[in-house]
Each structure stands twice: as structure tokens, then as C-alpha cells.
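Comments concern the structure below.
The values are calculated or read from the model by the stated rules, or taken from the named source; none is laboratory data. Because the structure is a prediction, the values reported are computed rather than measured. Positions of Cβ are generated from backbone atoms using ideal geometry, with glycine treated the same way; all protein chains shown enter the neighbour counts.
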Amino acid sequence: MSPREPRPSVWDLPDPREAEPFEDVVCIGGDLAPGTVLQAYRRGLFPMHLEPDLLAWWSPDPRGILPLDALRVSKSLRASLRRFEITIDRDFTAVMRACAEIPREHGWINDEFIDTYCALHELGWTHSVEAWNSDGDLVGGLYGIEVGGLFAGESMFHLERDASKAALVGLVDALSLGSGRLLDVQWATDHLVTLGAVEIRRDTYLDLLDSALERPPVLSLR
């Protein structure tokens, strides 16, 4: 079933092509209504608070992406994959809440974020990939939003070694069923670089995004 459109946003978010080079924050304000968030991803933006009451819209320059054909699966990770059952959209809320519980200096996943992304999940836009151990416990996963051929990864968590990496392998396997996919990881952190993430210029990312948005979704049609 195709995703259903939320109510249109009352805000008109700016075009990040007009932002200053190397400035990651494009604008401040707005709201986290599902229609606003969906509009943002279509324009190459994503929400994250600068301060508890200060919502910002980000378009990093450079941007981190993970080319699907560049995912690095080490020998040890390949062995670890056998320990997990990988599922898609079995428990989106649990994955997002587990990501929210990770201690981090600039944690952004508050109840409002959870409510919005869960609402988008009900409409068919956001998705989770889960890793379960042999006891049937949720021990790792990730979530993000799929718009056309874009999958924008938002966060990952793990309770057992390699569980989040196993979920990422599962995601890449699923996305590889269609051509022209763009896997956005926001920033190419050291951890993600070891898995194959690279940095590209913002304008290059936006060109890839325009092309990806013309593709049909994969996860929403499972």
C-alpha cells in the first residue's frame, strides 16, 4: 500500500540550496507536524533541536550518505549476522524509544519526536529495522523515513554487539531491491565511515535527492 499524505504543513521551509556553504542549520522555528516533517525531507532538511525549545532544520554541508554498493561487511560482522533475526516494521515504537534512551550529549528524540514519527509510521512513511536475539529479545535496530527512493536514517541502537550493524545490513539488503536508492546518514561519523559512509557536498546530495524522489518506495510496499 502506498503511503498516505498527512495534512499539508502551514509552513514553507526554505530551499537549502540558498543556504550559506558549510552552514548546517538552514532555518529555525516551525513545528513537528507530520506534514512539516515530510516536506522537510523532500527538500533535503531534517529536524533537530538546537536547544530544548529551539527547533532547527538541518541540511549538513558536507552530507553523509552510505552508497548501497559500498557497505562494508567485515568477516566478524558476517559471522555475527547468524545470531540475529532481522525484521522490518515489527515494532517501530520500541525501536524509536530504545534509540531515545541512548545517553548522548545532544539527544533530540523526545516525546514530540516519537509522536510525530509514529504518526508518520501509521501513514506508511517511517520504518524500523529490528535485530532479535535467539531468545526473541529486541537487541538492536534503526529507524528512518522513506520518501520515494530516499531512506533517511535517523538513529540506531544496540544492546548486543553488532546488533545495530546487523540491522543496517538488513536495511541495505531491502533497499537494494530497487535501483536509484539514496541512503542518507546525515553525518559521516567515524563509526559510519568504517561501514562505508562517505561525505558529499550539499548541492551534490540535493541533486541525488531530486533523482531519488522520482523512484517508488521499497519498504512501504512490502
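When we screen A131, A188, A152, A212 for residues that are buried (at least 23 other Cβ atoms within 10 Å of the Cβ) and touching a Gly at 6+ places or on another chain (Cβ under 6 Å), the only hit is A131.
Any residue in the range 154-170 that is under 14 Å from the mean Cα position of the chain (by Cα), assigned by TED's automatic domain parsing to the domain that holds I109, outside any helix (DSSP H, G or I) and closer than 16 Å to L38 by Cα? Within the range 154-170, one or more residues are under 14 Å from the mean Cα position of the chain (by Cα), assigned by TED's automatic domain parsing to the domain that holds I109, outside any helix (DSSP H, G or I) and closer than 16 Å to L38 by Cα. Of the residues making up the range 89-146, those that are out of contact with any strand residue (DSSP E or B) (no Cβ under 9 Å at 6 or more places or on another chain) and of a type in the set (K, R) are R97, R104.
Against the condition within 27 Å of S9 (Cα to Cα), modelled with pLDDT of 95 or more and more than 16 Å from the chain's Cα centre (by Cα), how does E122 come out, does it pass?
On the way: within 27 Å of S9 (Cα to Cα): yes; modelled with pLDDT of 95 or more: yes; more than 16 Å from the chain's Cα centre (by Cα): yes.
Spelling it out, E122 is indeed within 27 Å of S9 (Cα to Cα), modelled with pLDDT of 95 or more and more than 16 Å from the chain's Cα centre (by Cα).
I65 satisfies every condition listed in (1) of a type in the set (A, V, I, L, M, F, W, C); (2) surrounded by fewer than 20 Cβ atoms within 10 Å (Cβ to Cβ); (3) touching a strand residue (DSSP E or B) at 6+ places or on another chain (Cβ under 7 Å) except (2).
Suppose we filter A100, A119 for residues that are under 25 Å from V218 (Cβ atoms) and outside the structural domain of R42 (by TED's automatic domain parsing); which single one remains?
Values: A100 fails: under 25 Å from V218 (Cβ atoms).
A119 is the lone residue from the list that is under 25 Å from V218 (Cβ atoms) and outside the structural domain of R42 (by TED's automatic domain parsing).
In the range 68-87, which residue that is of a type in the set (V, I, T) and surrounded by fewer than 17 Cβ atoms within 10 Å (Cβ to Cβ) is farthest from G170 (Cα to Cα)? It comes out as V73.
Test I145 against the criterion of being surrounded by fewer than 21 Cβ atoms within 10 Å (Cβ to Cβ), at pLDDT 95 or above and in contact with a His (Cβ under 8 Å, 6 or more places away or on another chain), and give yes or no. Against the criterion (surrounded by fewer than 21 Cβ atoms within 10 Å (Cβ to Cβ), at pLDDT 95 or above and in contact with a His (Cβ under 8 Å, 6 or more places away or on another chain)), I145 does not qualify.
Would a scan of the range 8-19 turn up a residue that is of a type in the set (S, T, Y) and surrounded by fewer than 16 Cβ atoms within 10 Å (Cβ to Cβ)?
Taking the range 8-19 as the starting set, the residues that turn out to be of a type in the set (S, T, Y) are 9.
Remaining after also requiring surrounded by fewer than 16 Cβ atoms within 10 Å (Cβ to Cβ): none.
For the range 8-19, residues of a type in the set (S, T, Y) and surrounded by fewer than 16 Cβ atoms within 10 Å (Cβ to Cβ): absent.
Table: residues versus (1) modelled with pLDDT of 95 or more; (2) assigned by TED's automatic domain parsing to the domain that holds K165; (3) closer than 19 Å to L208 by Cβ; (4) out of contact with any helix residue (DSSP H, G or I) (no Cβ under 6 Å at 6 or more places or on another chain).
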residue	(1), (2), (3), (4)
V26	yes, no, yes, no
P34	yes, no, no, no
G44	yes, no, yes, no
D53	no, no, no, yes
R72	yes, yes, no, yes
L81	yes, yes, no, no
F84	yes, yes, no, no
D89	yes, yes, no, yes
V95	yes, yes, no, yes
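Applying the selection to the range 191-209, what residues are crowded, with 17+ Cβ neighbours inside 10 Å and at pLDDT below 95? Correct list: empty.
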